[in-house]
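Here's the structure, in structure tokens; my notes come after.
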Amino acid sequence: FNTNLFRLARNIYREKVADGHEVKLYVGGRKGVTAMRYNGIAMERSYIDEMNDATTPADATFFLTELAQPFLDGEVDEVILVYPHWISMGRQPPTALRLLPIAPDASDESDDSAEDAAPNAVPPLFEPSPEEILAQLLPLYLRQPIYSVLADSVASEQVARRMAVKLATDTAAQPVTALNGKTNP
């Protein structure tokens, strides 16, 4: 669980550094912080006490502020989240999600034929202004994927713990074979 997450984060880090980018890492969780330190990778900020098993929208708002502010201040060009994406009890693959800058999906991109069809059309009126609407909606829009990432991480960690305990229990329940080949109860 943790090894695969670290491997993906490390690979993205190395790719960005190899491309000449300065990378600032914000790492959540005790295992992630330990892995980064062990591998000599400097972190801008670490979050251990801020991570908990009862994720709330307030947690997502906190991390949104922590991650978006460097982007808004022009300190970073991109914000990428690495997390275990919950698919099912048996699958939580490590995933990288580009949070910022926001870009349309390839499926959302369409040709500009609608704009070309009505070049003299009057633009729609907004009340309040588009800037005010964006200022209110953008934090909500960005908070949702962060909340999903936190929830996926908590659920995946619980499944990983459950699987580890089950494996240990199953292994302990198997009879132990002594060196002489006899089974001890």
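Using beta carbons and a limit of 6 Å, which pairs, at least six apart or on different chains, have the first residue in the stretch 147-172 and within 25 Å of residue 50 (Cα to Cα) and the second one among the charged types (D, E, K, R) and open to solvent by 60 Å² or more (accessible area, probe 1.4 Å)? If the second residue must be among the charged types (D, E, K, R) and open to solvent by 60 Å² or more (accessible area, probe 1.4 Å), the pairs left are 154/53. Evaluating residue 61 against the criteria (1) surrounded by fewer than 13 Cβ atoms within 10 Å (Cβ to Cβ); (2) of a type in the set (Ser, Thr, Tyr); (3) more than 22 Å from residue 14 (Cα to Cα) leaves one unmet condition, (1). Restricting the first member to the stretch 6-19 and to residues that are closer than 19 Å to residue 153 by Cβ, and the second to residues that are open to solvent by 50 Å² or more (accessible area, probe 1.4 Å) and among the polar types (S, T, N, Q), the beta-carbon pairs closer than 9 Å and six or more apart or on different chains are 6/39; 10/39.
Among the residues examined, residue 48 qualifies as aliphatic (A, V, I, L, M), without any contact (Cβ under 8 Å) to a residue 60 or more places away in the chain and surrounded by fewer than 17 Cβ atoms within 10 Å (Cβ to Cβ).
Does any residue of the stretch 115-124 turn out to be at pLDDT below 95, of a type outside the set (Gly, Ala, Ser) and either within 22 Å of residue 147 (Cβ to Cβ) or open to solvent by less than 80 Å² (accessible area, probe 1.4 Å) (or both)? Looking for residues that are at pLDDT below 95, of a type outside the set (Gly, Ala, Ser) and either within 22 Å of residue 147 (Cβ to Cβ) or open to solvent by less than 80 Å² (accessible area, probe 1.4 Å) (or both), one finds none in the stretch 115-124, hence no.
Listed by position, the strands (runs of 3 or more DSSP E) contained in the stretch 24-89 that have at least 3 residues being at pLDDT 95 or above, over 16 Å from residue 152 (Cα atoms) and touching a strand residue (DSSP E or B) at 6+ places or on another chain (Cβ under 8 Å) are 45-47. Among residues of the stretch 129-146 that are closer than 15 Å to residue 59 by Cα, those with a Cβ under 9 angstrom from a residue that is charged (D, E, K, R), sequence gap 6+ or separate chain, pair up as 146/59.
The values are calculated or read from the model by the stated rules, or taken from the named source; none is laboratory data. Predicted model, so just to flag it, every value in this text is computed and none were measured. Quick reminder, even Gly has a Cβ in these numbers, built from the backbone with ideal geometry, and neighbours come from all protein chains shown. To get the accessible areas, we keep the full protein, side chains included, count just its heavy atoms, and leave off ligands, DNA and RNA. Shrake-Rupley method; radii C 1.70, N 1.55, O 1.52, S 1.80 Å.
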